[in-house]
Amino acid sequence: MDSVDIDNVELTYLLAEDHAELKAAMLRIYGHLEDSYWNKKQLNKLIKIFPEGQIVIKVNGVMAGVALSIIVDYDCFEDQHTYREITQNYTFETHSDDGDMLYGIDVFILPEYRGLRLGRRLYDYRKELCEKLNLKGIAFGGRLPNFHKYAGEMSPKAYIEKVKRKEIHDPVLNFQISNDFFPSKIMKGYLEGDDASNEFAVLMEWKNIYYERPSKKVESQKTVVRLGLIQWQMRPYRDLDELMVQAEYFVDAVSGYRCDFALFPEFFNAPLMAENNHLPEARAIRELASHTPGIVEKMSAMSISYNINIITGSMPEMVEDRLYNVGYICHRDGRVERFEKIHVTPDEAKVWGMQGGHDLKTFETDCGKIGVLICYDSEFPELSRLLADDGMDILFVPFLTDTQNGYSRVRNCAQARAIENECYVAIAGSVGNLPNVHNMDIQFAQSMVFTPCDFAFPSNGIKAEATPNTEMILIADVDLSLLRELHQFGAVTNLKDRRTDVYELRKK
């Protein structure tokens, strides 16, 4: 499927009314097997006993993939169990709310949706569910759909070893191994009628390193958010396509570390102005604005494909013949939202004729409520306070500064915003030189993640910091639950202690 056709990606619970669509999908995937789809009674049973375990991923409202699971008492089954045994003759009577292992009974992505990394979303959901329910891990019998091609010349064990060494390509097993599952046992006669696998399967397992032997189930919600900050090197690019190749390289890198957000700097696309260096600077920046729609479209496609929320940094944009400094949040569910720079610098106004925006708001994401302030805006505490009043957990600040003086203003003000608003603040800037671009010739940056200064946080309020003036990525985990505790039980509670009887702040 062409990525430009994707408007929405949704991960949701499977419902009884999805049966007809599920049946059609399973017949396409497993039509060569007997009893190749779940009937309505079986589906209703699964949904009733374990609704959280039955997940469907939809693209533009159409079923693209499914993951079905039960919880079992793993000690009750030998390593040589069959699919019929683990499901108790397809009745799912083996499911137990008091079990200790999440067992995957089905997972697939329809062919036309493969290549979008949707399968990884299903596996990531299972891992998070496993952690949430405090289960030992995940297990399932993995089919070997290409084994029949080699059955006459090697054993299943030898086949798996060759797959692991990349000497044989097995799309199912390769995918499972790449998602941190490891093969632990060869199971003979696992799935009746699976001739492609010669009825062999490999028992795949994933261990939950956070598992604790409980007295009762843990139901706490996962609150740790991983940030990926891109400290971007300014360098010449031939065209937009070459620049986006570099951008995708960084998105791929931070996504590989399972980051929830990727943050680009302000005006990261400025090197494209080199082709218009013969024009007056005000004209050149307006020519650069013509690239903005294409960049946003490509970033949105990447956010879906790599399963990561992308904050595009900022770019020039023309609206009714006026020039603005704007950015976009490309959500991994397909939504795209816009933010504006409220305060433009004197240089932006004088040299480029840029206008300040008017729209200030927070954004709901799958990792809490966030705000974005572009560079100079972080130096006006009123803006971040309004966002904090609206429940902001993380403030992102894409910036561009040419000198260390300018950087220090952004850095010090951003750290103050973290303390006074009891939130996390992540800043990302560009480094290097652009000798062929007027008014954008030098850059100075050190990307950082700031925290409040209290006992649950680093004493200096710095969670992570990049090497100054070096192209790199900075990855940091922030725990939103610590903010909740701080708001109520901190050594000081800035938000709670404000004297609203003496002063107030409001947005016009």
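Data table
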item	result
Failed item, numbered, when residue 61 is tested on (1) closer than 30 Å to residue 334 by Cβ; (2) buried (at least 20 other Cβ atoms within 10 Å of the Cβ)	(2)
Residue, farthest from residue 500 (Cα to Cα), within region 373-389, restricted to residues that are touching a strand residue (DSSP E or B) at 6+ places or on another chain (Cβ under 7 Å) and in a loop (DSSP other than H, G, I, E, B)	374
Pairs with Cβ under 6 Å, 6+ apart, first in region 468-489 and in the same structural domain as residue 255 (by TED's automatic domain parsing), second assigned to a helix (DSSP H, G or I) and of a type outside the set (Gly, Ala, Ser)	473/254
Check on residue 212, acidic (Asp, Glu), at negative phi and at pLDDT below 95	yes
Close pairs (6 angstrom Cβ cut-off, 6 or more residues apart or separate chains): modelled with pLDDT under 90 in region 111-123, among the β-branched types (Val, Ile, Thr) and crowded, with 16+ Cβ neighbours inside 10 Å anywhere	none
Residue satisfying condition, being in contact with a Lys or Arg (Cβ under 8 Å, 6 or more places away or on another chain) and either among the aromatic types (Phe, Trp, Tyr) or buried (at least 16 other Cβ atoms within 10 Å of the Cβ) (or both), within set 431, 425, 410	425
Set 209, 285: member being among the aliphatic types (A, V, I, L, M), part of a loop (DSSP other than H, G, I, E, B) and more than 27 Å from residue 331 (Cβ to Cβ)	209
From the options 249, 237, residue that is assigned to a loop (DSSP other than H, G, I, E, B) and either under 14 Å from the mean Cα position of the chain (by Cα) or in the same structural domain as residue 442 (by TED's automatic domain parsing) (or both)	237
Region 192-208, subset at pLDDT below 80 and of a type outside the set (D, E, K, R), residue surrounded by the fewest Cβ atoms within 10 Å (Cβ to Cβ)	193
Only one of 266, 317, 248, 275 that is under 24 Å from residue 375 (Cα atoms) and surrounded by fewer than 19 Cβ atoms within 10 Å (Cβ to Cβ)	248
Meets criteria (polar (S, T, N, Q) and within 26 Å of residue 40 (Cα to Cα)) for residue 96	yes
Condition check for residue 141: of a type in the set (Gly, Ala, Ser), in contact with a strand residue (DSSP E or B) (Cβ under 9 Å, 6 or more places away or on another chain) and either touching a residue at least 24 places away in the same chain (Cβ under 8 Å) or not assigned by TED's automatic domain parsing to the domain that holds residue 109 (or both)	yes
Unique residue being over 30 Å from residue 74 (Cβ atoms), within 21 Å of the chain's Cα centre (by Cα) and charged (D, E, K, R) when the list is 297, 242	297
Top-ranked residue of region 385-402 - restricted to ones that are in contact (Cβ under 8 Å) with a residue 60 or more places away in the chain and either polar (S, T, N, Q) or more than 20 Å from residue 486 (Cβ to Cβ) (or both), ranked as surrounded by the most Cβ atoms within 10 Å (Cβ to Cβ)	398
Region 443-463, subset among the small types (Gly, Ala, Ser) and within 21 Å of residue 409 (Cβ to Cβ), residue surrounded by the fewest Cβ atoms within 10 Å (Cβ to Cβ)	461
Residues of region 43-60 satisfying the condition of being of a type in the set (A, V, I, L, M, F, W, C) and touching a His at 6+ places or on another chain (Cβ under 9 Å)	43, 46, 49, 50
Single residue of region 136-156 satisfying the filter (modelled with pLDDT under 85 and under 27 Å from residue 75 (Cα atoms)) that is farthest from the chain's Cα centre (by Cα)	156
Scope region 157-197; condition more than 34 Å from the chain's Cα centre (by Cα), of a type in the set (A, V, I, L, M) and more than 23 Å from residue 127 (Cβ to Cβ); matching residues	158, 191, 196
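The values are calculated or read from the model by the stated rules, or taken from the named source; none is laboratory data. Computed from a predicted structure; not experimentally measured. Note that each Cβ is placed from the backbone with ideal geometry, even for glycine, and that neighbours are counted across all protein chains shown.
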